Amino acid sequence: MSSQSVLIFVIICSTFSYSIYGQKKESKTKLSSSMQRFTGNDSDNELYTRFRYKPVSGLGYEEGVNRRDPSSIIKVGDLYYVWYTHCKDTESSWLNADLWYATSKDGVNWKEQGPAVERGGKGSWDDYSVFTTNILVANGKYYLTYQARTFFEQRNVIGMAWADTPDGPWTKLSNPILRTTPDGKLKNEHKTGFTHVLEDATLEPGSWDSGAVHDPGVIVRNGKYYLYYKGHAVGEKMYSDSKWGVAISDSPEGPYIKSPYNPVTNSGHEIWVFPWKSGIAAIVDWAGPEKGTVQYSEDGLNFEVITVLEDIPPAGGAYIADKFLDTKNGKGFDWGLCHYGRSNWTFLVRFECDLKQDSKKNLDWGQFKHYSTIRDVMLYPEKYGVTSEILQKKRN
Ligand code: AAL
């Protein structure tokens, strides 16, 4: 290296170290690969947050009823609205289900209003279950997108219903708006009960969304409707090999055309997307190699990891005030509902966070109880010779 190149190299290194070290301003000539890809401290990252949880009344734990997969929340007049899967089955908390809704003045105390969209008559494509819904508000109307199953088909479809008011009455579109890619072969297409598209139930593997199209939710962007959904492949090895795709339409009711870029994420279970600044952000939850991340995409198709989160609300449905406004400056959100899905009856819980633009982040270490906990100990304290009461006597 000439002395001139050495000088340039040193200048580049020190400039780089200056910017990554921010306030510390130290000058370094060597950078580890970790520090070369350093993307900023969590405390400075606008899309970083921690989650705080609270019980809600009206939608919390209730013996004999499953409530799960809450939609995004909307506000109409002075009422918040949420839609969710409602089911009384003891085997499955999402099959044999209908879509119900609830309203609230404060987002904590909810009043269950009853069914919004119920499954269809025998022989129809939604005669077994309508479940896992999301809301879209467009052209002065309300639209619910949801998963639907017949009794004898393993692969599900996505349906849509519309109404002039959030209280209904809801009219179903006569045909599904999205279907699984028709390839792959299951050993038993006409099996009832749980969706099961894993390797051992498969004769021939299929495309990434051949086994299931799940968690449909629409965002309005540049005058178009972006329907995000989760796909499972016929023949996948693990249920957590799911990925997300998008199908785009010029009108809320479709036709929705699957993007040639699909899948647009390599990870993710329940869909959670929202307008952020000039693009779309995604909270990619517990499935896949990029699990537990927040990702951002300028065009809604090409996502990059921005930060990593822990204790993400399962199936989070947030109150995203500008979700359908086709905004060029998405502002985020700071609360919503999610489900606790591992008890005998699934129930809804409120979460709060700091994902609203310009919000002051609550990063106080003391309030987050996750560090140095082990889920197995919390679930089965007796196995470890302690009680749940002892576990509450926390060291600070
Ligand atoms: C969910 C969603 C879909 C799955 C099941 C019910 O949380 O991903 O809806 O089918 O689990």
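Assorted remarks:
- Here the label points at D42 and F152, each 7 Å from Cα along the C-beta direction, are separated by 5.2 nm in the simple model.
- R0 of 35 Å, Cβ-Cβ distance L325-S388: FRET efficiency to nearest 0.05: 0.20
- Applying the criteria of a DSSP loop state and at most 13 other Cβ atoms within 10 Å to the trypsin sites (Lys or Arg not before Pro) of region 198-269 yields K237.
- Charge dipole of region 253-340 (Cα centre as origin; +1 on each Lys and Arg Cβ, -1 on each Asp and Glu Cβ, all else neutral): 140 debye, rounded to the nearest 20.
- Distance between the modelled labels on D200 and T171, one decimal in nanometres: 4.8 nm (7 Å Cα→Cβ projection).
- Phi to ³J(HN,Hα) by Karplus 6.51 cos²θ - 1.76 cosθ + 1.60 over region 350-359, Hz, x for Gly, Pro: 8, 10, 10, 7, 10, 10, 9, 3, 6, 6
- The amide H of W110, built 1.01 Å from its N in the peptide plane, has S57, G58, L59 as neighbours under 5 Å, considering only residues 5 or more places off or on other chains.
- In sequence order, region 316-322 has phi-based couplings of x, x, 9, 8, 10, 4, 10 Hz under the Karplus curve 6.51 cos²θ - 1.76 cosθ + 1.60, θ = phi - 60°, and Gly or Pro positions carry x.
- For V218, the shell of other residues with beta-carbons less than 11 Å away shows a net charge of +2, using +1 for Lys and Arg and -1 for Asp and Glu.
- Taking R342, R149, R50 in turn, the Gaussian network model of the chain (Cα-Cα springs below 10 Å) assigns the largest fluctuation to R342.
- Simple rule: put +1 on each Lys or Arg Cβ and -1 on each Asp or Glu Cβ in region 46-370, find the dipole, and look at G77, Y225, G336; the Cα lying farthest toward the positive end is G77.
- In degrees, nearest ten, helix 3-21 long axis to first principal axis of the chain (Cα): 50 degrees
- Environment charge at I312 (Cβ cut-off 11 Å; Lys +1, Arg +1, Asp -1, Glu -1): -2
- GNM flexibility winner over the chain from Q295, Q147, Q357 (Cα, springs under 10 Å): Q357
- For the chain, the Cβ-based charge dipole about the Cα centre amounts to some 900 debye (Lys, Arg positive; Asp, Glu negative; other atoms uncharged).
- Summed residue charge, Cβ within 15 Å of G107's Cβ, Lys/Arg positive, Asp/Glu negative: +2
- Hypothetical label at D334: residues of region 361-389 whose amide nitrogen lies under 18 Å (7 Å Cα-Cβ projection): 361-365, 367-368
- Between K54 and S92, the FRET efficiency estimated from the beta carbon spacing at R0 = 30 angstrom works out to 0.65.
- FRET E, pair Y380, S27, Förster distance 45 Å, beta-carbon r, rounded to 0.05: 0.30
Since every read-out is calculated from the coordinates, none of them should be taken as a lab result. Note that the structure is a prediction, hence the values are computed from the model and not measured. Counting neighbours? That spans all protein chains shown, and the Cβs are built from the backbone with ideal geometry, glycine included.
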